[in-house]
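This is the structure, below, for whatever I ask next.
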Amino acid sequence: MSWLRDTERAARIFHEVRQAREGFAKPYVQPTPQYLFLKCLFCYPLRLESYYYMSLGDYTRVMVASEREVARKEGWESPIKATFRAREDGFVKDPPLVAAQDFPPAEPIAQLLGTYPVKKVLLYAELGRKVREHGWTWGHKKKRAIAGALASKPPEWHELQAMKYPDALRDLLRMVHPKPPSELVASIWRWALGKGEAPTERIKAYEEAVELAKRGDVAAAIEKAVEADLPWEAVRSRIGLRGAPEGALARAAERLMTANDVALQAVSLAKRLGESFVAELVGRRKVSLNAAARAALGLLLKGCGEAAEAFYEKAKLGKGEFESLLPMRPRRVVALVDVSWSMGGPRIHSAARILMPFREVFEKVYAFNTAVRPINLDTLDDFRRLIEAPSGGTQLYDSIIDVAKLERLGEEDLLFTVTDEQENYSSSALGDVLKLNTNVVEAVVAPYPADMLLKAPASRFVAYPASDPDAFVASARLIMAGRVLESEKVVELARLLPPIAHR
């Protein structure tokens, strides 16, 4: 039962550290292993190297300890299913790889790895070697799982990975030494290792396109890429758009670029090919919330209104869709956004990008600096005004309390706050915020956010390092899962993961 002792010890240490840092006392409540595992799985910062207040070792201990305790109570099928769900939802990127390190059989590891590109498979292998001192081993099981994941893929997948991530595939092959499933795959691997000629026509075309680009003939390079139907992601860093004639560029956008590729290149495409072309192209495709919001804001700031509106329509999650992703439906969702001086520049842009997809979810939106005021976030012009708004001091704690009281928010409501956490104007303290009888999710758009795992399980306050709109959904799921546990004493992990309704 050493893993259970690790869980209890870690949770108590985090509580004591938090009390010392924030200067208030709150009764300690031991979280259930299910809740701790859900926290680790869905809400840890996306970049595992950005430790904030928790080292990778500490995070690993909590993840492994809670995962094993859930498995002891519910069987391994439960945490394995939850891990796949985290990957399927797309709200998190790396934590499922950390969770999979502890799976007893190799088969589900191989199956999970089969859902990632080779770059993430390499990350899984590197994590396994890096944290051996915390209870993981880099042995035959993990190597077999990686080899199994690679063997399950058709030659076309290996061809694509070799072009997109040649360095990652090379390093993985050298680390694992898997047996190739066919001679064609073996030849692709030899090419990735620099030991053979281009084994397929597409790889030959890729090499030719890159060589043409090196000689300055970008037009011919793009024509070659279009002719061979190469993935744009595999060639964009080696070819680019500059110097391409409009006809070749339009064909590349139509044939090679995914919707997210178009979003990344939206301003260049709009300037070169016209806003109507971009709007029509985007209208026929599904774009991720983050990519659509980013493109809409970028185009807006460059004066490309028509194309911006096309992406704006894609950057939208309906209220019903949002609620279907949570284990408990909030009665009302109210937003509060920091518009103080310190939010100027990239931070207010991040805030706008995070808020944009939920404009139909929020019942009301407030902005604050040294005082609170209601605002509208219904149109692109509203977001333009938000980006131009930063001024004054940061009255964070008072503003959260004021909005909660003004809207009479209770235990069934959710207050979503976007801030850089540079409090300097409130008469209240964080301890006063934590006494509120409502649920507060704080998205911190700064490099030093409050760490999620340091928040006490009894608190209705959750903070996380904001990175994209999906992170808000993950945090909302976590805090509503806490309410389920609080009201119904449910411990089964599956009860905290509602079925996907729109993906």
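What follows draws every value from the coordinates through simple rules; no lab data is involved. Keep in mind that this is a model prediction, so the values were computed, not measured. Positions of Cβ are generated from backbone atoms using ideal geometry, with glycine treated the same way; all protein chains shown enter the neighbour counts.
For the chain, build the charge dipole from Cβ charges (+1 Lys, Arg; -1 Asp, Glu) around the Cα centre, then report which of 66, 205, 290 sits farthest towards its positive end.
Going by the charge dipole, the pick is 66.
Could you state, as a whole-number percent, how many of the C-alpha pairs of the chain are farther apart than 33 Å?
46 percent
Please work out the Cα center distance from segment 180-201 to segment 271-350, rounded to the nearest Å.
What the calculation gives is 42 Å, centre to centre.
OK, next. Per residue and in Å³, how big is the convex hull formed by the alpha-carbon atoms of segment 383-430?
So the per-residue Cα hull volume is 105 Å³.
Antiparallel DSSP bridges in segment 319-496: what percent, to the nearest 5?
Of the beta bridges lying entirely in segment 319-496, close to 15 percent run antiparallel.
Please list the non-local residues whose amide H lies under 5 Å from the amide H of residue 364, H modeled 1.01 Å from N, same-chain partners needing a gap of 5 or more.
Distant-sequence amide H within range of residue 364: 335.
Going by amide H atoms built from the backbone, whose H comes under 5 Å of the H on residue 440, apart from near neighbours?
415, 461, 462
Jot down the radius of gyration and Dmax of segment 200-257, Cα atoms only, both in angstrom.
9.7, 29
So, one more: Could you run the Karplus curve 6.51 cos²θ - 1.76 cosθ + 1.60 with θ = phi - 60° over segment 151-164 and give me ³J(HN,Hα) per residue in whole Hz, x for Gly and Pro?
Per-residue couplings from phi come out as 5, 6, 8, x, x, 4, 5, 5, 4, 5, 5, 5, 7, 6 Hz.
Let me ask something else about it. Only loop residues by DSSP count here, and only those with at most 14 other Cβ atoms within 10 Å; note down the GluC sites (Glu not before Pro) in segment 96-199 that meet that.
Sites meeting the loop and neighbour criteria: 197.
For Cα pairs less than 8 Å apart in space and 6+ apart in sequence, what is the mean separation divided by the residue count of segment 356-405, i.e. the relative contact order in percent?
Across segment 356-405, relative contact order equals 38 percent.
A follow-up question, please. How about segment 210-254: which trypsin sites (Lys or Arg not before Pro) there lie in a loop by DSSP and see at most 14 other Cβ atoms within 10 Å?
Working: sites: 214, 215, 224, 236, 238, 242, 251; in loops: 215, 236, 238, 242.
For trypsin sites (Lys or Arg not before Pro) across segment 210-254 that sit outside H, G, I, E and B with at most 14 neighbouring Cβ atoms in 10 Å, the list reads 215, 242.
I'd like the antiparallel share, as a percent to the nearest 5, of DSSP beta bridges with both residues in the chain. Display every interim value, and only then the final one.
Numbers: 4 of 25 bridges.
Here the share of antiparallel DSSP bridges comes out near 15 percent.
Pairs on different chains or at least eight residues apart, Cα atoms closer than 15 Å: how many lysine pairs in segment 319-496 fit? The partial results should precede the final answer.
Details: 319/364; 364/405; 405/435; 435/455.
Counting lysine pairs in segment 319-496 gives 4.
My understanding is that a pair violates if its Cα-Cα distance is over 27 Å; which of 39/153; 164/316; 153/204; 224/316 do that in this structure? Could the numbers behind the result be given before it?
Numbers: 39/153 32 Å; 164/316 30 Å; 153/204 21 Å; 224/316 36 Å.
Beyond 27 Å between Cα atoms: 39/153; 164/316; 224/316.
Quick one: 383, 277, fewest Cβ neighbours within 10 Å first, how do they rank?
So the residues, fewest neighbours to most, are 277, 383.
Rounded to the nearest 500, what is the chain's calculated 222 nm mean residue ellipticity when only DSSP H runs of at least 4 contribute -39500 (n - 2.57) each, over all residues?
Per the formula, -16500 deg cm²/dmol.
Where Lys and Arg each count +1 and Asp and Glu each count -1, what net charge lies around residue 229 among other residues with Cβ under 10 Å from its Cβ?
Summing Lys and Arg as +1 and Asp and Glu as -1 gives +1.
Here's something else I'd like to know. Starting at the first residue of segment 220-236, write each ³J(HN,Hα) from the Karplus equation 6.51 cos²θ - 1.76 cosθ + 1.60 with θ = phi - 60°, in whole Hz, x for Gly and Pro.
Result, ordered by residue: 5, 4, 5, 4, 5, 5, 5, 4, 8, 6, 6, x, 4, 4, 6, 10, 5 Hz.
Continuing with the same structure: When the Karplus curve 6.51 cos²θ - 1.76 cosθ + 1.60 is applied with θ = phi - 60°, which whole-Hz ³J(HN,Hα) does each residue of segment 247-256 get, with x for Gly and Pro?
Once θ is set to phi - 60°, the couplings for segment 247-256 become x, 5, 5, 5, 5, 5, 5, 5, 8, 9 Hz.
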